[in-house]
1. Quick one: ranking B:Leu564, B:Leu776 by accessible area, 1.4 Å probe, largest first, what do you get?
2. Write down the accessible area per residue of chain A in Å², having rolled a 1.4 Å probe over the full set of protein chains.
3. Using alpha-carbon pairs under 8 Å, 6+ residues apart, how would you state the relative contact order of the range A:1-58 in percent?
4. Put simply, what bits of the range B:1-24 lose 50 Å² or more of accessible area when the other protein chains are there, versus the chain on its own (1.4 Å probe)?
5. Viscosity 0.692 mPa s, temperature 37 °C: give me the Stokes-Einstein translational D for the range B:473-624 in µm²/s, with Rh taken as the Kirkwood radius over C-alpha pairs.
6. Could you tell me what percent of the accessible area of the protein assembly as shown is made up of carbon and sulfur, with a 1.4 Å probe and every protein chain present?
7. Using r as the Cβ-Cβ distance of B:Leu77 and B:Arg573, and R0 as 35 Å, what FRET efficiency do you calculate, to the nearest 0.05?
8. If DNA, RNA and ligands are ignored and the probe is 1.4 Å, what is the ranking of A:Arg109, B:Arg306, B:Arg191, B:Arg164 by accessible area, most exposed first?
Amino acid sequence: MAATDRQCVFHAAELSKVYDMGEVQVHALRGVNLELYDKELVVLLGPSGSGKSTLLNILGGLDTASSGTVRYHERELTQATEKELTHYRRYHVGFVFQFYNLIPSLTARENVSIVTEIARDPMSAEQALALVDLQGRIDHFPAQLSGGEQQRVAIARAIAKRPQVLLCDEPTGALDSSTGVVVLEALQTVNQQLGTTTVVITHNAAIAEMADRVIILADGHIVEVKQNSHKKPPTEIVW
Amino acid sequence: MRALDIKLWRELWHLRGQAAAIALVIVGGVAVCIMSLSTLDTLVQTRDSYYRDYRLGDLFVSLKRAPNHLQQQIEQLPGVAEVETRVVAAVSLQLTGSDEPATGLLTSIPDHSDARLNRLYIRSGRLADGRRDNELVVSDAFAEANKLQINDTVVAVINGKHKRLTIVGIALSPEYIYEIAPGAIVPDYKRYGVMWMARTPLSTAYDMEGAFNDLVLKLQPGASGDDMIDRLDALLKRYGGRGAYDRDDQLSNRFLHEEFVQLRNMAVMFPVIFLSVAAFLLNVVVSRLISTERQQIAVLKAFGYRNAAVGWHYAQLVLLITGFGILGGYALGIWLARGLSELYMDYYRFPFLLYQFSPLVFIAVAAITVSVAMLATLRAVRAAASLPPAQAMREQSPENFRLFWLERAGLLRILSPSGRMILRHMARRPLKTLSSICGLACACGIMMVGNFQMDAIDTMVYMQFSVAQRDDVKVSFTEPVSSAALYSLKSLPGVAYVEGVREVPVQLRYQHRSYRTSLQGIARDAQLQKVLDADLQPVGLPESGLLLPERLASILGAKPGDMLTVEVLEGDRQSYQVPLKAMTKQFLGVSAYMDLQALNRLMNEGESLSSALIKLGPFESMDSSQGFDAQQASTVYRRLREMPAVAGISVRQSLIDSFYETLAKSMLTFTFINTLLGGVIAFGVVYNTVRIMLSERGRELASLRVLGYSHNEVAYILLGELALLTLLAIPLGFLLGAYLSRLMVDQMQTDLYRVPLVLEPDTFAMSALVVLVAALISGLMMWHRLGKLDLVEVLKTRE
Ligand SMILES: Nc1ncnc2c1ncn2[C@@H]1O[C@H](COP(=O)(O)OP(=O)(O)O)[C@@H](O)[C@H]1O
Ligand SMILES: [Mg+2]
C-alpha cells in the first residue's frame, strides 16, 4: 500500500524555526518539507538537538514556526490564532511527553478525565487505561506508579479523546528497554485499533523498526525518509 | 466532581501550610479593618443615640446668678425649643476611709421629675427626691473608682458648709461621657466626679433659692446656634453670664470629638497600611505560587484547555484561600471589635453599646482583598499562559548564567562554593530576590507602626509631667486670690515650695477663627511650670504678648507677630488685643501662656492668682519631695481640702496614673492589638517566602542531594539565602517603619494630645526580633522538610 494513496494529514513546507538568544541565533529547523498520512505510524529519528521536538511542537500547535507553513488537513496552522490552536489541540491532537507531565495531585483515572471532560466524543477513562493495560492501577497517584506506568497513563490520557493525531516526544526516553517495549506496544495498539496517525520521536534507531515510515532529521534538515517494508512488532525490538 | 475541581481541592490540601500562611496575612489585614472601623462606628453610633435618647442640649451657659423667671423669657426667644435651668456648685468631698482629696461638680435635677434636657441614665438606685435634703446621685465612674454604693454616706463641703449626704442613685449623663475636671487633661475618677442633687435642697445649700446659675438649651431644628449664643450673651451679661457655647465647646463632647477624630484617623490608617501591605504580599505570594505551577498550566494548555479555563482554575484556588482568610478576618475582627469597644466603655462612660457592624465595611474589605488576589492571579496565570506550552514545559531555567559584577570583581573567590551559589542565585533572579526582600521589609515595618507608640506616650508623659510641669499638687481656688494666699499654703508643714498661677477662661480669636481655652499667667521666674520651645527647651516668657502651642496657632491660622483678640469669659468679659509672640511645643492640651504680671496688667487686676502649684517635701526647697511619704502627703491634702478658698486639688502622680489608666490604656490596647496582627502578618510573610523558596528550588536541591550533598549542606544553601534576605530586609523595614510611623503620628494629632514620633532602639529591636524569630521558625521547618526531600521522585522523572 503506497503512502501517497492515503489522505494527507499534515503538509509542512519550508518550515524554519530560529531561537533568538540575543548574541547568537539558534536555527532549530532550516526549511523542513514533510507530509504525514492518515493512520500511519511515523518515527522521527535524529541525534539530540537536531530539531525533532521543535518540529513536533509546531505540528502539535504548541509552538509556532519562524517561517514556512504547516497545513493540517485543510487548515493552515501557521496562520492560526491562539484560540484556533487551543481548539485544534483540544479536539484533534494527543500528546505524550518524555517526562510524562502527569498532574501529581490527580490519580491515573483523574489524569485521563482531565482530558475526556473537555473532549467531544471521548472513551471512558477506564477504557483508555485498559487500552494501555493499566486497569489495575486506576486509582493510583503518579508518585505511586513506575516510570513506565506513568508513561502509559500519559498515553491513555492522550488517546482517550480519540485524537486524529498522536504526537509522542521520546516516550521511552526515560525508560529501560523492557518497560519501553510495553509503552511502544501501547502506542501500536492505539495506532492499529483507533487508526490514529502517530508520530514518535526517538534517537534510538532500533525503535524505527516498528514504523511505517522513518524520517531522519539532522541539524534542522530532513536528511532521509525511509519506507519500512517490514514492520517489526515492538516485542521483537531490543536495545 | 470534575477532575479539575478534584485537582483544586487536592492541591489546596497539599498547599495547606502555605495557604494557611497566605490566609493568615489576609486575616491580619481584614481583622484590622473590621476591628478598627467597627469599633469607631460602634462608639460614634452609641454616642449619637445616647445624645438623642437622653436629650443632650445644644447650647450651654453658666452664669453668676439669675432669677428663675428669666427662664420664660429665654423660652420665648425665637428658635428655642426647650430650656433647662440648673444650679451647679463646686463641691469637695470627704469620703469615709480616704484622705485623698476629691472634688466634684454638683448639678441640680428637677425635684420630682426627669430633667427635660441632659437626662440621667440611672444605673442603679433612683433619682434624688426634692422633698429630702440629703439625697445624692453620683456618677457611675466616680462610684466605681471610690467603691461607693447605694446608701453610703459622704460628707460634702458645699459653699463652705459641711453636709452629710446619702447616695440614692448611681447614674450616667450624656453631658459627662468624658468625665474630666475643668482644666485637666485626663479624667481622674477617683478624685473628680460629677454628682446630682434635687433642685430645692441644692439651692438651699448653695444660697440659690429662686435662682439658677446654669442653663441648657435645645434649639429648634434649623435655628442658628451662633445667633442664639449672641442673644444669650446679651441677655445674660447682667447676670454674670460666662459666655454661651455650643456642643463644639462642651468639654465632654469636645474631648470625645477629638478622641473620635484620632480614633478615626487610626482606624483608617492602620487598615490602609495593613491592607496595602497584605495586598502587596498577596500579590507577590500568589504570583510566585502560580509561577511554580507553570508546567501544569502548560500541560493543561497542551490538552486544549483555554486560557480562561486555566485562569479560572487558579483563580478558584486563590479565591478559596482568600475566602478563608476573609472569613477568619471577619471573625477575629468582630471579636476584637467587641472587646475593644467594651474597653473603651471604661473610659467613655456610655450606659450601653450599640455594636455596629456595617455590611458596607465588610463588603468593601472583601472586595478590595478579592480584587487584589484576582489581579495577582490573573497576572501570574497570564504570564504562565503567554509562553507557548512547549516552552513552559521545559524546566523553568532559561536563566542566563552569568558571572555577576561582584564575582567578576573577584570578590567572591573567598567564599565557599555554597556561598557562591547563594549569591549567584540571588543575583540571577533580582526581581524575585527584591520581592522577597520587600515582603520581609514590610513585615518588619508593619511591626514598628504599632510598637513605637508605647515609647511615644512615655515621652509625652515625661515632657509634660517632668519637664513642663514639676509640681506635686495643684490647688485651684474658688475665686481669684491675692498672692498673700500663697503664704498660708507655704506655712503648711510638708509644703516645700509654692508658686501661683493665674488661669483665665478665654475665647481666642484671629480673623474668623476662634478657640475656647484657658490662658495661663506664669511668673517669669516660675520653677514649677515651664513653657517649652520647639526644641523642647524651657523658654523665658516675653514681657508681654501671648505664647501659643503650635497646634493652637495653626488652628487659629496665626503666626508670631499677628494680633489676636483675647475675649475673657469671666468677670466683665472684656476683650483685648494681644500680639502672638512665639510658639511653644506642648504634647498635651492646648493652653495659651502669658507672663503673670502682664496678664494681671492686661486684666486690670492687682496681683491675682487662681491656682497654686505646690512642691511637697520636708524642707523648704525646690526639689525635695524625695523622702516624703504618702502618709505625710495625705496630711497635706487633708489640710488643703479644709481650706475654704480651695475648689480643687489635683495630684500630679495621680494624673499620670490615670493618664496611663485611661487614655494610654485604651490607645495602647488598640495599638497593641494592631501590633499583634502585624506580627501575624509578619509571620505569614516570612513563612510564605520560605515556602516559595523551597517549592521553587526543591528539585534543584534534591538533585544536589543526589549528587552527594548532605542534608545540612543543602539546607545551608537555602537557609543562607534566607538569612541574607532577612538581613538585607531589616534595615529596609526600619526605613519603611519609620516612614509609616511618621504618617501615623501626623494623623494622630488632636487638641488633647500630640503623640511625638519617638523611635527608640527597643522599637527597632522588637520589630527586627519578630522577623528574625519568624525566619528562624520558618527556617527550622524548612530544614525539617529538606530532610524529607523525595530523591527517588527526582530520579524518576528528570535527567
Ligand atoms: N527555547 C529554546 N531556546 C533556545 N534554543 C532552543 C530552544 N528550544 C530548542 N532550542 C535549540 O533548538 C535546537 C533543536 O532543539 P530540539 O528541537 O529540542 O532538539 P531535539 O528534540 O532533536 O533534541 C537545539 O539546538 C536546542 O538547543
Ligand atoms: Mg527533544
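The values are calculated or read from the model by the stated rules, or taken from the named source; none is laboratory data. Remember, predicted model here, so these are calculated numbers, not experimental data. Virtual Cβ from ideal backbone geometry, glycine too; neighbours counted across all protein chains shown. Accessible surface is based on the protein model in full, side chains and every heavy atom, while ligands, DNA and RNA are left aside. Shrake-Rupley method; radii C 1.70, N 1.55, O 1.52, S 1.80 Å.
1. These residues rank, largest area first, as B:Leu776, B:Leu564.
2. Per residue, chain A has 40 Å² of solvent-accessible surface.
3. Relative contact order, the range A:1-58: 33 percent.
4. B:Ala3, B:Arg10
5. 205 µm²/s
6. Using a 1.4 Å probe with all protein chains present, the protein assembly as shown comes out at 55 percent carbon and sulfur.
7. Computed FRET efficiency for B:Leu77 and B:Arg573 comes out at 0.95.
8. Ranked from most to least accessible, the order is B:Arg164, B:Arg306, A:Arg109, B:Arg191.
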